[in-house]
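The values are calculated or read from the model by the stated rules, or taken from the named source; none is laboratory data. On a predicted model such as this, the values are computed, not experimentally measured, just so you know. Cβ placement follows ideal geometry from the backbone for every residue including glycine, while neighbour counts extend to all protein chains displayed. Ligands, DNA and RNA are stripped out before the accessible areas are found, and what is left, the full protein with its side chains, is counted by its heavy atoms. Shrake-Rupley method; radii C 1.70, N 1.55, O 1.52, S 1.80 Å.
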Amino acid sequence: MHQPTTEPRRSIYYDYQVHQPWLASQHGPQPRHRVVIAGGGPVGMTAALELARHGVPCVLLESELQVSEGSRAIVFTRRSMEILQQVGVANRVTQHGLPWRFGNSFYRGQRVFRMEAPHDDNDRFWPMINLQQQYLEEFLVDACEAHPLVELRWGNRVTGLVQHEGHAVVEVDTPEGPYTLEAEWLVAADGARSGIRTLLDLKLEGASYEGKFVIADIRIDLPLPTERLAFFDPEWNPRNTVLMHREPLNIWRVDYQLPEGETPEQALAPESLKTRINAQLALIGQGGKPWEMDWCSVYSARTLTLPDYRAGRTLFIGDAAHLLPIFGVRGANTGFQDAQALGWRLGLVCSGQAPESLLASYSQERVGAAREIIDEAGKSTRFMTPPSRGFRLLRDAVLSLSLTEAFVRPLYHWRTSRPHEYTSSSLNSAGDDNALFQSGPAHGAPPANVCLGADDFLLDHLGGGFDLLVFGTRVPDDVQATVKDWQAQGLKLRVLLVGPGGCAPGADICLPDTDGRVRTRYGVRTDGGAYLLRPDQHVCARWMTLDAHRLNAALKQATTGVAA
Ligand SMILES: Cc1cc2nc3c(=O)[nH]c(=O)nc-3n(C[C@H](O)[C@H](O)[C@H](O)COP(=O)(O)OP(=O)(O)OC[C@H]3O[C@@H](n4cnc5c(N)ncnc54)[C@H](O)[C@@H]3O)c2cc1C
């Protein structure tokens, strides 16, 4: 019988709430559900809220009775915030988090590189914001519990799975014993050690790296701004790397590489932690300052993905689908994009508006994204923890040259998580004018945000369904008729007229663009130009001049994956 701990986890800054388990005996017979999600971590909860936004109810099974232990993911990117905005929790993250955009790399006491992430008036969110994962999960829990289409069942652990032609049978264990649940679709969001992956005998592909890191969260008052600090080859930890990040509430993440051969038990011994953290504090001129340990763990980098995120009636997202190194903040940030990419497709499939084959494009796009991330993350991981003598020689040469030669310094700049561009997605229109545009977000790209006025941004108005941005002063009659046809079939599709002012028939929303900012950012040169954005806001078609026939073809392709 599943017995999740009922003791609140320990933390010096976060009060864990222990939730009541959901028990089958207190509820009636279980119908077959459209969607069951296994795993109420940040990615499973985001997927539940995405599905709910598309009108699909789901049951969310969470094995534990409380949110994540320790801060884990602490850096959330702008794209993650845009996704979290869609599911209604971005404001709370903004209220509690620490935004930042600079990173500093030091070698032998000298700052050799300063990373500056781009940020301008058109961005609602900062490039990065730091917040402990427990808080983010708490905000998502609140949103799930408030949503009538999400049923969150604490203390429910998936232990068995049998897949049939049109549904899956899930065995669930609880503090009062097991019960069975049927679902048309099972979403596996059960994290890095996914039991569902094991039940289906699926293997991850890729590499695991030997270098190990201690991750320690300490409470200390440091007079430093919120900027990422990276120290290469510091005196107290020769040949290795140390990272520091500020978290809210005077918590600092100190992340240091272990000397070769040291075991996690040795590394986590209190004396070892104390000596090393004191040495790091001394290195930044803060030696002797009092500090208190909150949480620590040992971590090693892996770059692994399943080759296909669909297995029968089961769809994988987040850490259950891939394991990515935390350098470059890729874990949770990549998972949010999975949740968003799956949510709208599964929504359309469940409501009968798209064929099941649409789900193949989910796997193609997101496995492609994971492979690209693995390639990039592999490079940064090899720089941080050189896996062989050759890599170390190269890395050391860069470090050494960087003291005097500016041209090598950008090599310190490991790429951080970014939104994937689905350039070759099967959903991108085959017959639009993508190739004729000279600027603006292209096929498969996420949208560019634009400031429209005080506390008003373009992305505030996008998402949840297909959005047709029409530039100019009118929506052509034939386009209006086509839009109405699709809406009558139940597709969520809105027309946003972007122009110098005023509204026109056929527009659901009119966005004033008096200074032509939006038009310029989207590379639209003439009235009548248009963009079609998918419900996850990625571009699937754009036209110099829109006509009803090409719009119809683009919508067919975006909802089936097959060119009309
Ligand atoms: C030490 C550490 C530090 C990290 N630091 C960072 C960082 O700085 N930046 C970053 O981006 N990422 C970081 N990560 C990774 C990040 O935490 C994960 O990528 C993120 O939590 C993935 O979310 P998820 O929802 O896919 O999985 P998880 O957060 O692991 O959630 C899975 C959920 O499923 C539940 N579950 C498991 N099995 C079952 C089952 N059989 N039935 C029902 N429920 C089940 C679990 O209880 C859990 O709540 C870190 C991870 C670790 C371990």
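Across the accessible surface of the range 113-213, with the other protein chains kept in place and a 1.4 Å probe, carbon and sulfur atoms take up 48 percent. Rounded to two decimals, the Cα radius of gyration of the range 242-374 over 2.2 N^0.38 Å is 1.46. Counting only DSSP beta bridges with both residues in the chain, the antiparallel share comes to about 70 percent.
For the chain, the longest principal axis of the Cα atoms and the long axis of helix 42-53 meet at an angle of about 10 degrees.
Near the amide H of TRP126, within less than 5 Å, lie no amide hydrogens of residues on another chain or at least 5 residues away, with H placed in the peptide plane. So which trypsin sites (Lys or Arg not before Pro) in the range 193-287 pass both tests, a DSSP loop state and at most 13 other Cβ atoms within 10 Å of the Cβ? Here the sparse-neighbourhood loop sites are ARG193, LYS203.
Is the shape of the range 162-265 best called rounded, prolate or oblate, per the rule: a/c under 1.5 gives rounded, else a/b larger than b/c gives prolate, else oblate, with a ≥ b ≥ c the square roots of the Cα gyration tensor eigenvalues?
Numbers: a/c = 3.22, a/b = 2.15, b/c = 1.50.
Judged from the Cα gyration tensor, the range 162-265 comes out prolate (a/c at least 1.5, a/b above b/c).
What order, most packed first, do the peptides 22-30, 511-519 have when packing is the mean number of other Cβ atoms within 10 Å of each residue? Write down the numbers at each step before the final one.
Values: 22-30: 11.7, 511-519: 16.9.
Output ranking for 22-30, 511-519: 511-519, 22-30.
Sorted from longest to shortest, the spans of the Cα atoms of the range 139-185 along the three principal axes equal 34, 27, 13 Å. The charge dipole of the range 1-89, taken about the Cα centre with unit charges on the Cβ atoms of Lys, Arg (+1) and Asp, Glu (-1), comes to about 260 debye, rounded to the nearest 20.
In this view, the solvent-accessible surface of THR5, computed with a 1.4 Å probe and all protein chains in place, comes to about 60 Å². Shape analysis of the range 18-111 yields a ratio of the Cα radius of gyration to the Kirkwood radius, Rg/Rh, of 1.13. To the nearest ten degrees, helix 477-488 and the longest principal axis of the Cα atoms of the chain are 70 degrees apart. The angle between the Cα long axis of helix 331-350 and the main principal axis of the chain comes to about 20°, on a 0 to 90 degree scale. Counting charges near THR263 (Lys, Arg +1; Asp, Glu -1) among other residues having Cβ under 14 Å from its Cβ returns a value of -3.
Derived scalar couplings between HN and Hα for the range 166-179 equal x, 7, 10, 10, 10, 8, 10, 9, 9, x, 10, x, x, 8 Hz in order, rounded to whole Hz, by the Karplus curve 6.51 cos²θ - 1.76 cosθ + 1.60 (θ = phi - 60°), x for Gly and Pro.
Exposed loop sites here are GluC sites (Glu not before Pro) assigned a DSSP state other than H, G, I, E or B and surrounded by at most 11 other beta carbons within 10 Å; excluding them, the longest clear run of the chain is 1-164.
Rounded, prolate or oblate: which one fits the chain, using the alpha carbon gyration tensor with axes a ≥ b ≥ c (rounded when a/c is under 1.5, else prolate when a/b beats b/c, else oblate)? Because a/c hits 1.5 or more and a/b fails to exceed b/c, the chain counts as oblate. Give me the accessible area per residue for the chain, probe 1.4 Å, as a whole number in Å². Per-residue accessible area for the chain comes out at 40 Å².
Protein heavy-atom surface of the range 248-299, 1.4 angstrom probe: 56% of the accessible area is carbon and sulfur, with nucleic acids and ligands not counted.
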